[in-house]
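Here is the structure we will look at, set down as structure tokens.
Only the coordinates and a few stated rules stand behind these numbers; no lab work does. Computed from a predicted model, the values in this text were never measured in an experiment. For neighbour counting, all protein chains shown are included, and Cβ atoms are generated from backbone atoms with ideal geometry for every residue, glycine included.
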Amino acid sequence: MDKLIVDNVAFSYDGKTNVIENINISLHEGELVCLLGVSGGGKTTLFNIISGLNRPQSGRILLEGYDITGTPGKISYMLQKDLLLPYRTIEANVALPLLLKGTKKSDALKKVAPYFAEFGLEGTQKKFPAELSGGMRQRAALLRTYMCSSSVALLDEPFSALDTLTKSELHRWFLGVMDKINLSTLFITHDIDEAILLSDRIYLLGGKPGTITDEIVIREPKPRRADFNLTDTFLQYKRDIIKRLQ
Amino acid sequence: MKRKLQSTTSKAVLPIGAILVLLLLWQGVCAMGLVPGFMLPSPIQVFQAFISDFGLLMQHAYVTLLETLIGMIIGIAVGFLLAVLMDRFEPLRKALYPLIVLTQTIPTVAIAPLLVLWFGYEMLPKIILIVLVVFFPIAVNLLDGYRSLDQDTLNLLRSMGAGNKQLFLYVKFPAALGHFFSSLKIAVSYAVVSSVIAEWLGGFSGLGVYMTRVKKAYSFDKMFAVIFLISLLSLLLIFLVNVLQKKCMPWENKK
């Protein structure tokens, strides 16, 4: 079943030149789909529309069949930076989406508590973001995103700010967590390796105005082997994508 | 641990040492009779005046502190409200910002006599003057704090479905707390000085009133005792603000 459908969306900031147009995307239950494209190609713009922050000039966003175009708060959205609020402890940061929906603080904290182990964040509950490493902060940010909505998540370059080693560690962690929580996820990256390693499907976004130019299905079963990115299959996908991007 | 101990001792020892050296110099100048005694009392004489007048000084200090406190509370409330409204309504900000800057260009000493003429010799004119000097740093700093916030953070909370009130409570106000406390430190010292100035120009009690009295009596030792007391009160209030800030912003200590 389609969790999320982006139906023929077009958007422009000035009302004249479209930044993106003819965008059609579907996301199935539990699927991990990646939007791959160069920076400045309108990927973040598209996420701002799907999350409801901006309204498209034309087209609709459907969540489980309901039209949610221009309605924030339905889909969880993780922006490029971790954006943990420095003056709240990690547990208070993670519980933020629940508090904003009107849950009592004690109930919200109780509700988020069990996920700390699942997300590899034990012992960080009472700490402030400044006390955590970049990788741990990113984990906390993802947990907060998950607390916002457990059905669909948008992740905007979630691992781009990390160094290579932390990044591959987080990739493994991410695949493990995603396997457990069954979150339907759409994520942005400009890193081809990351896209192949993590996704079930890849949309290529390109051109001016930005539009979906291609779609690639990665048929590697999950959970994936840690050395998947060293296999011939992986390289074939990579060659294929580079060819299609040119 | 050792280094920490060293740094705290040097932090305390150096300034205290400097003050002691200065006091010794002053005492020396007086003891050698370089300046006539009635013009510059020695530190020991000032201290004696402070002790002998202690009860009286405390009575006047109580009044001054009370005025300062009431003025501060109202001033903070006004500054806070202005900042919130000006942040929420852009046209209001554009209309009022130049006006409130203008209020600060009027010298305190110039407006204080007018306030005394208009509102009498009781506490009211003093409190009004304090409110006038306090609301400005609070309003301007809070406003800067609200506006310095990262647009992405606001977007994130909006994407979670936060409304304007929630944005304020969860992000804007906590983010502006640092700005608020720095302005509070400025406001506190302004407030004490302003209440003394307002008291100079007329009143029945307060450190400013006492100061004009001892000045007219040429009791310079008592005069110095008051000056030191006023400085001490300001320092004490700034210290209290620092303690409050540490309590209210525990995340700052973790960096």
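Observations
- Considering residues of the range B:97-137 that are part of a helix (DSSP H, G or I) and aromatic (Phe, Trp, Tyr) only, the residue surrounded by the fewest Cβ atoms within 10 Å (Cβ to Cβ): B:TRP118
- Candidate set: the range A:18-27, residues that are out of contact with any Ser or Thr (no Cβ under 7 Å at 6 or more places or on another chain) and touching a residue at least 60 places away in the same chain (Cβ under 8 Å); chosen: the one surrounded by the fewest Cβ atoms within 10 Å (Cβ to Cβ): A:ASN24
- Restricting the range A:137-173 to residues that are among the charged types (D, E, K, R) and on the phi < 0 side of the Ramachandran plot, the residue that is surrounded by the most Cβ atoms within 10 Å (Cβ to Cβ): A:ARG144
- Scanning the range A:115-171 for residues that are touching an Asp or Glu at 6+ places or on another chain (Cβ under 6 Å) and over 14 Å from A:ILE90 (Cα atoms) returns no hits.
- Selection of first residues in the range A:77-102 that are at the interface with another protein chain (Cβ under 7 Å from one of its Cβ atoms) and at positive phi and of second residues that are surrounded by fewer than 23 Cβ atoms within 10 Å (Cβ to Cβ) and outside any helix (DSSP H, G or I), restricted to Cβ pairs under 8 Å at least 6 apart or on distinct chains, gives the following pairs, ordered by first then second residue: A:LEU83/B:ASP150.
- In the range B:146-201, residue surrounded by the most Cβ atoms within 10 Å (Cβ to Cβ) [restricted to those that are more than 18 Å from the chain's Cα centre (by Cα), within 14 Å of another protein chain (Cβ to nearest Cβ) and among the aromatic types (Phe, Trp, Tyr)]: B:TYR170
- Here A:LEU99 fits the description: over 21 Å from the mean Cα position of the chain (by Cα), surrounded by fewer than 22 Cβ atoms within 10 Å (Cβ to Cβ) and more than 30 Å from A:ILE23 (Cα to Cα).
- Test: residue in the range A:106-126 that is facing chain B (nearest Cβ under 9 Å), touching a helix residue (DSSP H, G or I) at 6+ places or on another chain (Cβ under 8 Å) and either buried (at least 18 other Cβ atoms within 10 Å of the Cβ) or part of a helix (DSSP H, G or I) (or both): no
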